[in-house]
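A short write-up of the structure that comes next.
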Amino acid sequence: MAKLYFYYSTMNAGKSTTLLQSSFNYEERGMQTLLLTAAFDDRYGQGKITSRIGLEAEASLFSDDTDLLELVTNTLKDRQIDCVMVDESQFLSRDQVFQLSEVADQLKIPVLCYGLRTDFQGNLFEGSRHLLAWADELKELKTICFCGSKATMVIRVDENGDPIREGAQKEVGGNDRYVALCRKHFKQYTYGD
C-alpha cells in the first residue's frame, strides 16, 4: 500500500537535501520520481529544488490552483512515476493535500511531502495542518536553536536581524530572513521577556 508521508521541521533542518537524496536513491535503483515545488518560491530560479549545501534538481511547479492528482495522472501518460516528492509542502492547499492522498490511495504511488510546520508567528500553514491530519506517517527532521536545544519554531527578521512580528504568512527567504529557534527563545523574541 502506498502512503502519504509528511517530513516536517523548521528552517535549516535539511528538508530539501533529504528530498533530493531520497529522489537520488529511487533513481539509482532504476525508478523514476516526480519532483514538485511551489511556483511561489523562486529563490533559486523557477522549477528547481535547491538545498543550502548545493544539491539541486529540476521540478514541476504547483500553484494555488494546480490539481495535483490531474498533474500526476497526466504525467503518467508520458512516463512511469514510482514516487512523488513535494518540496515546500506547507504551501499546499487543503484540496491539494486531498489530491495527494488520492495519488497514494488510488494510483498507488507513494507521496513524500517536505515542509515547514509553522510560520514565523507560530501558526500552522494550511498545507502543514492538513498533512499533519491526513498523512499516514509523520517524520520530524530536527535542527537546533543557537542555545543548543531542539529548534521547533522560526522567526522572520529584517535586514538588521530584528524580529518581525506581522506580515503575510507566505514570504520566501532563507537565512537572511528566518532564524530557527527553540520554543523558549521564540517566545522571548516574539513576545519579549
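Any read-out appearing in this document is the output of simple, stated calculations on the displayed coordinates, not a laboratory observation. Treat the numbers as computed from the prediction; the structure is a model and nothing was measured. No Cβ is skipped: glycine too gets one built from the backbone with ideal geometry, and neighbour counts run over all protein chains shown.
Some notes on this structure:
- Cβ-based exposure ranking for Lys15, Lys142, Lys48, Lys77, in which fewest neighbours within 10 Å come first: Lys77, Lys142, Lys48, Lys15
- Among Ser149, Ser93, Ser60, residue whose mean-square fluctuation peaks in a GNM of the chain (springs only between Cα atoms under 10 Å): Ser149
- Debye, to nearest 20: dipole size of the range 4-142, +1 on Lys, Arg Cβ, -1 on Asp, Glu Cβ: 440 debye
- Folded to 0 to 90 degrees: helix 15-28 orientation relative to the chain principal axis, Cα: 20 degrees
- By the rule of a C-alpha distance below 25 Å, with chain neighbours fewer than 8 residues away ignored, the lysines paired with Lys142 are Lys3, Lys15, Lys48, Lys150, Lys170, Lys184, Lys187.
- Mean residue ellipticity (222 nm) of the chain, computed from DSSP H runs ≥ 4 via -39,500 (n - 2.57), nearest 500: -8000 deg cm²/dmol
- Here the chain yields Rg over Rh of 0.98, to two decimals, using C-alpha coordinates and the Kirkwood radius.
- Note on Gln21/Leu107: beta-carbon distance plugged into 1/(1 + (r/R0)^6) with R0 of 30 Å gives a FRET efficiency of 0.80.
- Counting charges near Glu140 (Lys, Arg +1; Asp, Glu -1) among other residues having Cβ under 12 Å from its Cβ returns a value of +4.
- Sorting Tyr7, Tyr26 from the fewest to the most surrounding beta carbons within 10 angstrom yields Tyr26, Tyr7.
- 21 Å tail of the calculated P(r), the range 1-110, as % of Cα pairs: 31 percent
- Helix 94-105 and the longest principal axis of the Cα set of the chain meet at an angle near 40°.
- Relative contact order computed over the range 83-174 (Cα-Cα under 8 Å; 6+ residues apart), in percent: 27 percent
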